[in-house]
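Here's the structure we're looking at; comments come further down.
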Amino acid sequence: MKLEKIGPLDALVRHGQSPSTCVVLFHGYGADAADLAPLANFLDRDNSLSWVFPNGPREVSVGMGMMGRAWFQIDMESWQKAMLTGEPRDLTNWEPEGLSAAVNKASSLLQTLTSSFDRVIVGGFSQGAMLSTEISLTTSIEPKALVLLSSGPIHYSIWQSQIVDRKKAPVFQSHGKHDEVLSYGGAQKVYDLFKRSGWPVEFTSFNGGHEIPPQVLNSLQKFLKTHGH
């Protein structure tokens, strides 16, 4: 895997044997491009797809003097309080600080890729999944498929108004029933939005938290074999 500059963003890239399909996965808050990169080896063992793992433009503290990357800012105090009380935050009307800038940069990267690939599958984990949904519903980018790992609803009224005019693409969604970071109820709200709007959605739930367990990877591998070729 090589670090390349694609549009305005740095990204880890693995070039596949097929010139037609590229999978772009955006990492979660506090991680970086390397966090999801190992998934390529498991999900695409025959190296038939190209893979791009962009690095978030924001540098954020993740504690103990360590730094990570993010796509937009979150209120860590409110998040920690929600986790301690067990009462998940309602994110439906939240427009995060920096979301617009992140969408612009990520969209520029994707526009660069769409000039090289016939099919671009877009997705991510947590904050990266929210960003993927925002891009897919509010910009000119129309991915061939969408991968939402442990996501949640933000900017929800905008999503509701925009989804009716979008080209429907297959969606893979997963979420842990005991996720303390982004609630399972929020994930169901995202699922209902796509399902109600006629998008083909495959939802994989599991008895776990904010993570990507083997059960999800196995289901996602099958999804990519179906929609990535």
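The values are calculated or read from the model by the stated rules, or taken from the named source; none is laboratory data. Predicted model, so just to flag it, every value in this text is computed and none were measured. Every residue, glycine as well, gets a Cβ built from its backbone with ideal geometry; the counts of neighbours run over all protein chains shown. Protein only, heavy atoms only, side chains kept; ligands, DNA and RNA dropped before computing areas. Shrake-Rupley method; radii C 1.70, N 1.55, O 1.52, S 1.80 Å.
Checked against (1) small (G, A, S); (2) open to solvent by less than 10 Å² (accessible area, probe 1.4 Å); (3) under 27 Å from P214 (Cα atoms), A106 passes all but condition (3). Suppose the filter is in a helix (DSSP H, G or I), within 23 Å of P38 (Cβ to Cβ) and not polar (S, T, N, Q); does A129 pass it? Yes, satisfied.
The set of residues in the range 98-116 that are touching a helix residue (DSSP H, G or I) at 6+ places or on another chain (Cβ under 8 Å) and either under 15 Å from V23 (Cβ atoms) or among the aliphatic types (A, V, I, L, M) (or both) comprises L99, A102, V103, A106, L110.
Of all the numbered requirements in (1) in contact with a strand residue (DSSP E or B) (Cβ under 8 Å, 6 or more places away or on another chain); (2) modelled with pLDDT of 85 or more, S100 misses one, and that requirement is (1).
Taken together, the residues in the range 13-30 that are modelled with pLDDT under 95 and not in a loop (DSSP other than H, G, I, E, B) amount to 1. A search for C-beta distances below 6 Å between a residue of the range 19-35 that is within 26 Å of D118 (Cα to Cα) and any residue that is aromatic (F, W, Y) and open to solvent by less than 10 Å² (accessible area, probe 1.4 Å), counting only pairs 6+ apart in sequence or on different chains, returns V23/W51; L25/F53; A33/F53.
Cβ separations smaller than 7 Å between residues 6+ apart or across chains give the following pairs from the range 171-196 residues that are over 19 Å from N207 (Cα atoms) to residues that are open to solvent by 80 Å² or more (accessible area, probe 1.4 Å): L193/Q160. In the range 139-229, counting only helices (runs of 4 or more DSSP H) that sit wholly within it, the ones holding 2 or more residues that are closer than 26 Å to C22 by Cα and within 16 Å of the chain's Cα centre (by Cα) span 184-196, 214-227. Listed by first and then second residue, the pairs linking a residue in the range 122-140 that is closer than 13 Å to H175 by Cβ and open to solvent by less than 10 Å² (accessible area, probe 1.4 Å) to a residue that is among the small types (G, A, S) and not in a helix (DSSP H, G or I), with Cβ atoms under 9 Å apart and 6 or more places separating them unless they lie on different chains, are A129/G28; A129/G123; A129/S150; A129/S151; A129/G152; M130/G124; M130/S151; M130/G152.
Against the test of being farther than 28 Å from T139 by Cβ, surrounded by 13 or more Cβ atoms within 10 Å (Cβ to Cβ) and modelled with pLDDT of 90 or more, the options N41, N55, N47 yield a single qualifying residue, N47. With respect to L49, determine if the residue is under 28 Å from H155 (Cβ atoms) and aliphatic (A, V, I, L, M). No: the conditions fail for L49.
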